[in-house]
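Worksheet: one structure, shown below.
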Amino acid sequence: MSDRRQFLKQMAGVGALIATSQLPAFAEDNPEVFPKRGRFERLSLSYGVVNIGLKEPFSLLHISDTHLTAAYPHENETKQLLHTKRTQTFGGRQEEALLDALAWAKEHVEFIVHTGDFIDWQSEANFDLVEKYFGKSFVGCVGNHEYSPDMGYSVPKIEHTEAFKDLTRGRVQGHYPFDVRFTSQVVHGVNFITLDDVYGYVTEEQVALFGQEVAKGLPIVLCMHVPFFTDNMWRAQIRFWKGKGPLDSGEFPPVTGDFLAQKEDPVTRDFIDYLKREPLLKCILAGHLHITVEDQFSPTCREYVVAGGFLFHGREVMFI
Ligand SMILES: [Fe+2]
């Protein structure tokens, strides 16, 4: 009889208290059987492959929406309230999840891309975590939450405008090691362009900068917080956030919010139309939706959205 069965037999008819010192070694705790117990087992990874025809294939980990909710004891009452409430919202394991992802990435891939909402709102403690974790091999962009001083708990009210971002843009920029409006980083002959589209739209300035990058003639991977919605992505995120109704009706769910901005803002609409015809665009990486979903964006470009980092999600994307 195994130790375990013997133990359970002995326990039959015994009261509720079990001395832990008498517990036998269960197989799942045995380091000889599971030497990697506790390593990466909480991570939920999906995969994508981008075919470019590279001489030097490489791989990265795409994570997003970590939503850190830290506040130091000396920070004001609103920050303490947000810390309590929003830690409940995101489960309190956001930093653990990030550490799991980073440890996995260190062993398996060359780069990490984080597509925004690294922090849930602005606090000294959250910004210190930004500086702690964003290193040179960490490509990134900001999300709508980076521009959120107090999640709407204080004035001014959140508005989806450049003027609203301007209120704290300097503060945000001061803590992130990349230009929060637009960056380009070429690795292994692939141009990773990151841009701020946190309210769904892009600006004329960003479109012009993108044009300069296209002139380099390199394959492009666009990294941003809010995806450029396809109809399928819109359906999926409505299903996740709003439940059953929109699916049952059989009709296409009403277009609102960021998708509406992408259809109505002329600069963004024209940019998206152009991107669908740009053969150098090979891949879009985005977050914000908190679900893992992917769709074909254009004949040359697949768009990957990764679910919340706070839920231990990530995607390895191979570029071959
Ligand atoms: Fe977001």
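Among PHE210, PHE90, sorting on how many other beta-carbon atoms sit within 10 Å of each Cβ, with the fewest leading, yields PHE90, PHE210. For the chain, the dipole from Cβ point charges (+1 on Lys and Arg, -1 on Asp and Glu) about the Cα centre works out to 940 debye, to the nearest 20.
Using a cut-off of 31 Å between Cα atoms, the listed pairs LYS85/LYS276; LYS242/LYS276; LYS36/LYS79; LYS85/LYS263; LYS55/LYS276; LYS106/LYS282 include LYS85/LYS276; LYS36/LYS79; LYS85/LYS263 as exceeding that distance.
Take the Cβ atoms of GLU124 and SER46, set R0 to 35 Å, and the FRET efficiency comes out at 0.55. Given all pairs of different Cα atoms, what value in angstroms does the Kirkwood hydrodynamic radius of the range 245-284 take? The Cα-based Kirkwood calculation yields 12.1 Å. For the pair HIS188 and ARG93, label points projected 7 Å from Cα toward Cβ lie 3.1 nm apart.
Exposure proxy shown here: for ASP258, ASP270, the number of other Cβ atoms within 10 Å sets the order, fewest to most, as ASP270, ASP258. Here the relative contact order of the chain, from alpha carbon pairs under 8 Å that lie six or more residues apart, stands at 25 percent.
Fewest to most neighbouring Cβ within 10 Å: what's the order for LEU17, LEU289, LEU275?
Exposure proxy ranking, most exposed first: LEU17, LEU275, LEU289.
Computed from Cα atoms, the angle from the helix 94-108 axis to the main principal axis of the chain rounds to 80 degrees.
Evaluated at q = 0.10, 0.11 Å⁻¹, the base-10 log of the normalised Debye intensity for the chain, with identical point scatterers placed on the Cα atoms, takes the values -0.63, -0.74.
Quick note: the coordinates plus some simple rules give every number you see, no bench work behind them. Note that this is a predicted model, so its numbers are computed, not measured. Note: ideal-geometry Cβ built from the backbone for every residue, glycine included; neighbour counts use all protein chains shown.
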